[in-house]
Structure formats: C-alpha cells, structure tokens
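Below: one structure, written as structure tokens.
The values are calculated or read from the model by the stated rules, or taken from the named source; none is laboratory data. Bear in mind that the values here come from a model prediction, so they are computed numbers and not experimental data. Here the Cβ positions follow ideal geometry from the backbone for every residue, glycine too, while neighbour counts run over all protein chains shown.
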Amino acid sequence: MANFEDQLAELEKVVEKLERGDLSLEDNVSLFERGMSLSDACKKQLANAESRIEVLLEPKENGPVRVAELDVEVEEDDLDLDDGRL
C-alpha cells in the first residue's frame, strides 16, 4: 500500500488532469474512478491516524499518567477536495 503522501500527490495530479478538460469521456471516467479510489484510501488513512492519537489523561491521586486512544471518525462531508485539502 502506498503511503498517504504518495496517494495524495497522485490524487492532486488526477484532479489537475481532470480540470484541464482535454481528455476523452472514457479517460475522464477512468481518471475519476482512480481519483475516488485514492480519495477513499486517503480518508481511511486519515481516520486511522486520528484514531491513534493518544490523549494524556489526568493522573489519579499521584498515580501514573495514563494514555488513551482518541476515537475520531471522518465523515464524508468533513473532507473538501475542491480546495485541494483533505
């Protein structure tokens, strides 16, 4: 599996090609499908990374500091590809 940065860079190239508008319909559809696949993969990697962020919790009466996983889910509407940011 490609890393997030590689997939995001490829997604940006796909968007640039689609925005030029000089491809055939079939090429546009194929590129759009690839873009959606890359977008989904990036969303999954972002959700996974966010869920692994550890939050320090207040120690209980001189007890050790505890860590807990931060559970964050990414919704479809939370990502805006129009401005190039995920």
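Summary table below
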{"item": "Residue tally, condition buried (at least 17 other Cβ atoms within 10 Å of the Cβ) and closer than 14 Å to Glu5 by Cα, over the range 29-44", "result": "4"}
{"item": "Hey, Asn28 modelled with pLDDT of 95 or more, assigned to a helix (DSSP H, G or I) and not aromatic (Phe, Trp, Tyr) or not", "result": "yes"}
{"item": "Unmet requirement for Val15, which otherwise passes all of (1) modelled with pLDDT of 95 or more; (2) loosely packed, with under 13 Cβ neighbours inside 10 Å", "result": "(2)"}
